[in-house]
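The values are calculated or read from the model by the stated rules, or taken from the named source; none is laboratory data. Predicted model only: the values in this text are computed from it and were never measured. Here the Cβ positions follow ideal geometry from the backbone for every residue, glycine too, while neighbour counts run over all protein chains shown. We work out accessible area using only protein heavy atoms, side chains counted, and drop any ligands, DNA or RNA first. Shrake-Rupley method; radii C 1.70, N 1.55, O 1.52, S 1.80 Å.
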Amino acid sequence: MRSTRIGNIAVPAAVVLVVGMLVIPMPTFLLDALITINITGALIVLLMSMHVSRPLDFSVFPSLLLVATMFRLSLNVSATRLILTRGYAGTVIQSFGHFVVGQSIVVGLVIFLILIVIQFVVINNGAGRVAEVAARFTLDAMPGKQMAIDADLNAGIINASEARERRKRIASEADFYGAMDGASKFVRGDAVAALVIVLINLIAGFIVGVVLHHLSFSNSINKYSLLSVGDGLVSQIPALLMSISTGLVVTRAAGEDDSNFGSDLIDQFSKQNRVLFMAGIFVAIIGLIPGLPHVAFLLVGTVVAVAAERARRIAERKILEPPKPETPSQPTELTPETLAGEMKVDALELELSFDLIDLVDPARGGDLLERVRGLRRKIASEKGIVIPPVRTRDNVNLESGSYVIRLHGVEIAQGTAPMGHVLAIGDGIEDLPGEPTREPVFGLSAKWVPAEFRHLAVMSGVTVIDRSSVITTHLGEVVASNAGSLLSRQQLKSIIDVVKTTDPVVVEEIGTAQVSLAEIQRVLCDLLDEGVPIKDMVRILEAVTEKAKQTKDYDSLLDAARVALGPAICSIYATDSVLSVITLDSTLEHALAESLKPGEDGLVLTIDPQQAEIIVAEVTRFATEAEQQGKSPVLVCGSRIRPALRRLLKVPTPRLGVLSTSELSSQVRLNRVGVVSLTGVKAA
């Protein structure tokens, strides 16, 4: 709280005072104190830049660099005012001038110019280039990093808050390097300004000394050159420190969390002890050459060799030392929130055996997570439902090359994808080497062929599928078959909120018709379970709310939604505007209608079990014959018996669409492929 108060009041006030120093004259004692503060602050910044583990740990540096540059220039202006008006600019400038210039003005000017060249040409130019390249590379890498975060989020490796934190870190990193690219120009301009100010002090001081103070030429040059060089030095030394800090910050690569420049330097040099030892021996050998300074080379070479040997022993000791036992972490407090988080069951999980982990590792060419992400996008565009993130994890208990798909924690499907193999499907797989199997979605005959025979399989004319595609296709089929189970009430609320932004009247009518979210969710879940997309939410809600004003019977609400989506439902099964239909004999349909009785989930058929088996067998026979001819048949019946008949056929023929006559679109032509007839159907 106290630091916040200081940051909100003291720092802005200090910045305003820095600007005020450009026009307000200052006494010499205050100038001495501010120059000392300037040098101290630059030294502190240099040490901080050496101790940060990541550049973002010093993210305030670009703004600090601007303020420090303005502070230095303000001191230059104040010193120039005192030099030209009083011929004296304080003890610090006077001392620096005497210490460096001594008895030779030329030496002082040369040293000052060398400092300018070091700062401007070497350090600042390199730091600016590094900042520019880092900013460009950081911006170019942002899309890839964002995709990696999305993949980890979809796989359940990180949660939403961690994903937001990582995205924020990436944005901050891009902003930091972009700011550093511009901030490095401040230091370059500061070097130019310092050179110009010294020249102005020299020329103007000489004129003032001769014209106003009637000094001789030599006295005027000695006096004002000493002050000008002293002023330049007291400003260039902290400027040089800030330039070095800039270079250290922009060239600092992220190390361990507790590392810094000094520890990384010693650690990395220590790991290369052989190089150090060879360098020390080589320098010592040079010291033996006649004519060279033997003591210096021999001393330095010996020191380096001894340091290398010591580093080698330390490294060996670390290897031989047993790892320190981990300090047991404090037990997590068993709060209701903690227990609730541990008990949470993911809606959709994909468990992989240990040898399938390469499929989710981008470094090893794995693209399974990216394909799963594409699958979610595809289902959203086709079905109108955003499925929850797929939690991908490894399971050491699974057999080699196997995977399991779980829905709400329950295993619902499993398959195999052996490492180093591809799946071959089609005629001719008998001649290929490999292990026979069944394609997991449609149950077709297939074979896992070794990857080295992939080209042979392609040349044989069979379809070749990689392991990631097999798993993704299987997962997509499971999701499509159980889409209704994945539509939560919270997701429905989000969908209705989106509809509200475009069609608010439709959402308002939901309240008017007194339709609950549970009733709408049940209708949508049944539509999804029967393979009907729910993308046209406006039309679905309009139909359900309109019907709800007359009755709250669930089958009636579902039938109203299906009638509204009739053309879309027909288009799912129609081929070239032709719909292959299986119909019921009028006698059978009348008997089924007479057998309807209310049940817990709606109307049910109360017919004899043997007769039900006959109906199922007949429908299955007609559907199989049509599918063998490349058709997608549907069963068409009256709207009253459609829900009950669908419940009867759901398990034996899950892919067969059951449509009511009111759902048929006038834009499709009907092609009857069979009529189911039965006699003697009696109500139970």
(Q) Restricting to the stretch 513-526, name every residue that is in contact (Cβ under 8 Å) with a residue 40 or more places away in the chain and open to solvent by less than 10 Å² (accessible area, probe 1.4 Å). (A) LEU524
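Every residue, every condition in (1) open to solvent by 40 Å² or more (accessible area, probe 1.4 Å); (2) modelled with pLDDT of 75 or more, yes or no:
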{"position": "ASN8", "(1), (2)": "yes, no"}
{"position": "ALA14", "(1), (2)": "yes, no"}
{"position": "ILE39", "(1), (2)": "yes, yes"}
{"position": "LEU75", "(1), (2)": "no, yes"}
{"position": "VAL100", "(1), (2)": "no, no"}
Q: Within the stretch 363-380, work out how many residues are in a loop (DSSP other than H, G, I, E, B) and either among the basic types (Lys, Arg) or open to solvent by 30 Å² or more (accessible area, probe 1.4 Å) (or both).
A: 2
**Q.** Condition broken by VAL651, with the remaining ones in (1) open to solvent by less than 50 Å² (accessible area, probe 1.4 Å); (2) in a loop (DSSP other than H, G, I, E, B) satisfied
**A.** (1)
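Only one residue in LYS493, LYS500 is of a type in the set (D, E, K, R), in contact with a Leu (Cβ under 9 Å, 6 or more places away or on another chain) and open to solvent by 60 Å² or more (accessible area, probe 1.4 Å). Which one? Steps first, please.
Values: LYS500 fails: in contact with a Leu (Cβ under 9 Å, 6 or more places away or on another chain).
It is LYS493.
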Q: Only residues that are within 40 Å of the chain's Cα centre (by Cα) and more than 24 Å from THR502 (Cα to Cα): list them for the stretch 530-568, please.
A: GLU530, GLY531
Q. For SER662, all conditions in the list (1) open to solvent by less than 20 Å² (accessible area, probe 1.4 Å); (2) polar (S, T, N, Q); (3) part of a helix (DSSP H, G or I) hold save one; what is the number of the exception?
A. (1)
**Q.** Residue list for the stretch 381-426, filter: under 30 Å from CYS525 (Cα atoms), in a strand (DSSP E or B) and touching a Pro at 6+ places or on another chain (Cβ under 8 Å)
**A.** ALA413, GLY415
(Q) Criterion first (open to solvent by 40 Å² or more (accessible area, probe 1.4 Å), farther than 27 Å from ARG522 by Cβ and over 51 Å from the mean Cα position of the chain (by Cα)) does THR587 satisfy it? (A) yes
Q. When only residues in the stretch 599-625 that are assigned to a helix (DSSP H, G or I) and surrounded by 20 or more Cβ atoms within 10 Å (Cβ to Cβ) count, which is farthest from the chain's Cα centre (by Cα)?
A. ILE615
Q | Within the stretch 202-224, tally of residues that are of a type in the set (Gly, Ala, Ser), open to solvent by less than 60 Å² (accessible area, probe 1.4 Å) and under 18 Å from LEU109 (Cβ atoms) | A | 4
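Restricting to the stretch 286-311, what's the tally of residues that are more than 25 Å from ILE266 (Cβ to Cβ), small (Gly, Ala, Ser) and open to solvent by 50 Å² or more (accessible area, probe 1.4 Å)? Please lay out each step first, then the result.
Keep residues of the stretch 286-311 that are more than 25 Å from ILE266 (Cβ to Cβ), which gives 286-295.
With the extra rule that they be small (Gly, Ala, Ser), the set shrinks to 287, 291.
Checking the rest, the ones that are also open to solvent by 50 Å² or more (accessible area, probe 1.4 Å) come to 291.
Count: 1.
Within the stretch 533-542, does at least one residue satisfy the condition of being surrounded by fewer than 17 Cβ atoms within 10 Å (Cβ to Cβ), on the phi > 0 side of the Ramachandran plot and in contact with a Lys or Arg (Cβ under 9 Å, 6 or more places away or on another chain)? Spell out how you get there, then give the answer.
If we filter the stretch 533-542 for residues that are surrounded by fewer than 17 Cβ atoms within 10 Å (Cβ to Cβ), which is where we start, we get 535-536, 538-539.
Okay, now just the ones that are also on the phi > 0 side of the Ramachandran plot, so none.
Within the stretch 533-542 (the criterion being surrounded by fewer than 17 Cβ atoms within 10 Å (Cβ to Cβ), on the phi > 0 side of the Ramachandran plot and in contact with a Lys or Arg (Cβ under 9 Å, 6 or more places away or on another chain)), the answer is no, since none of the residues qualifies.
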Q.
Here are the criteria: (1) aliphatic (A, V, I, L, M); (2) surrounded by 13 or more Cβ atoms within 10 Å (Cβ to Cβ); (3) within 28 Å of ARG169 (Cα to Cα); (4) modelled with pLDDT of 75 or more. Tell me which single one LEU34 does not satisfy.
A. (3)
